[in-house]
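The values are calculated or read from the model by the stated rules, or taken from the named source; none is laboratory data. Being a predicted model, the structure only gives us computed values, none of them experimental. Cβ placement follows ideal geometry from the backbone for every residue including glycine, while neighbour counts extend to all protein chains displayed.
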Amino acid sequence: MLENVEFANPQFFWLLLLLPLAIVWYIFKRKQETASLRISSVKAFKASHFLSKLKPLLLALRLLALAFIITALARPQTEDISTRTKTTKGIDIVMAIDVSSSMLARDLKPNRLAALKDVAADFIKKRPNDRIGLVAYAGESYTKTPITTDKSIILGALREITYGQLEDGTAIGMGLATSVNRLKESKAISKVIILLTDGVNNSGFIEPQTAADLAVEFGIKTYTIGLGTNGNALTPIAYNRDGSFRYGMRQVEIDEALLKDIAKVTGGTYFRATDNEKLEEIYDEINKLEKTEIEEFKYYRYEEKFRPWIFLAGALLLFEWALRATLFKSFI
């Protein structure tokens, strides 16, 4: 009966301290009322003697009824809570992903692009209330997915991103400009681009600085990530006869000055990821920096449970009265 039950007025349980006092009072009073009588035989009083032994049962019934009444006064109740959430300040995010051939370098496991897709997927899953879009770029750029709240669409599009869908090269300005174009009409309180590259701008007809100025004009913050280990990395350098890549050691070149400048002018931050663990830490840091404000409404419904206790107390008092009026009438 008390499972998942809370009490609205638990202070009434202090009244239970009266029960031991009532028992002490009853014992004291009974001793005063007990008289001794010497007779030659008690055979005629055996039945009466048995009933007198049960007389404390009347007190037990009354005290138990009183305990039930006190429990009812404490107002036992069950609580049903329902919640509704509302995004008060959402964030629109575009993830601009470099898909040039150098993203197949194996300094991250199994390669840079695969490692990025794993971490990016985890990041997307952690942003259930935000709209997210994907832009892929190499020597040119295109919108893989417009900003949407449908995470299944975004994750599916992310899995489909591979090398070879675009002309090779690294057009950082094009990737950034396409991302800005996806966000410029957004009405979100906060607009963010996460731009990742592992190289130097060497393609495209839009300069990165121009794209950064566009981001500033539309109030879009840009986080930039330079991906690649320090020194040399095992990178595709040519094709084999069967069409597969031939790998060789090549120096990692990332235009960190450019990425830092883009982040600075747009109000973002530049990060450098040299391994899988560092890449995960960067996306976790961005996730913490860009917080979506959620308003949660809670609805409480209480169901009072005092009535069964009142009924039980009434039944015990009625039973106690019936015993007093019948079986124990001659002893009271």
Residue that is modelled with the lowest pLDDT [pool: residues in region 242-257 that are exposed (fewer than 11 other Cβ atoms within 10 Å of the Cβ) and not aliphatic (A, V, I, L, M)]: G243
Checked pairs for region 191-202, first touching a residue at least 40 places away in the same chain (Cβ under 8 Å) and basic (K, R), second in a strand (DSSP E or B) and crowded, with 24+ Cβ neighbours inside 10 Å, C-beta under 9 Å and 6 or more apart or across chains, list as K191/I93; K191/V94; K191/I220
May I ask you to verify whether I153 is within 18 Å of E280 (Cα to Cα), in a helix (DSSP H, G or I) and assigned by TED's automatic domain parsing to the domain that holds S102? no
Quick test for you: out of E296, E277, E303, E290, pick the one residue that is loosely packed, with under 14 Cβ neighbours inside 10 Å, over 18 Å from L59 (Cα atoms), modelled with pLDDT of 85 or more and not hydroxyl-bearing (S, T, Y). E277
Can you spot a residue in region 198-207 that is within 18 Å of P128 (Cβ to Cβ) and either among the aliphatic types (A, V, I, L, M) or modelled with pLDDT of 95 or more (or both)? no
Taking A65 as the residue in question, decide whether it is in a helix (DSSP H, G or I), surrounded by 17 or more Cβ atoms within 10 Å (Cβ to Cβ) and modelled with pLDDT of 95 or more. no
Which residues, taken from region 225-241, are hydroxyl-bearing (S, T, Y) and surrounded by 12 or more Cβ atoms within 10 Å (Cβ to Cβ)? T229, T235
Within region 4-29, considering residues that are outside any helix (DSSP H, G or I) and among the hydrophobic types (A, V, I, L, M, F, W, C), the one modelled with the lowest pLDDT: V5
Subset of region 91-110 [in contact with a helix residue (DSSP H, G or I) (Cβ under 8 Å, 6 or more places away or on another chain) and assigned to a helix (DSSP H, G or I)]: S102, M103, L104
Which listed residue is of a type in the set (A, V, I, L, M, F, W, C) and over 30 Å from E207 (Cβ atoms), from A263, A313: A313
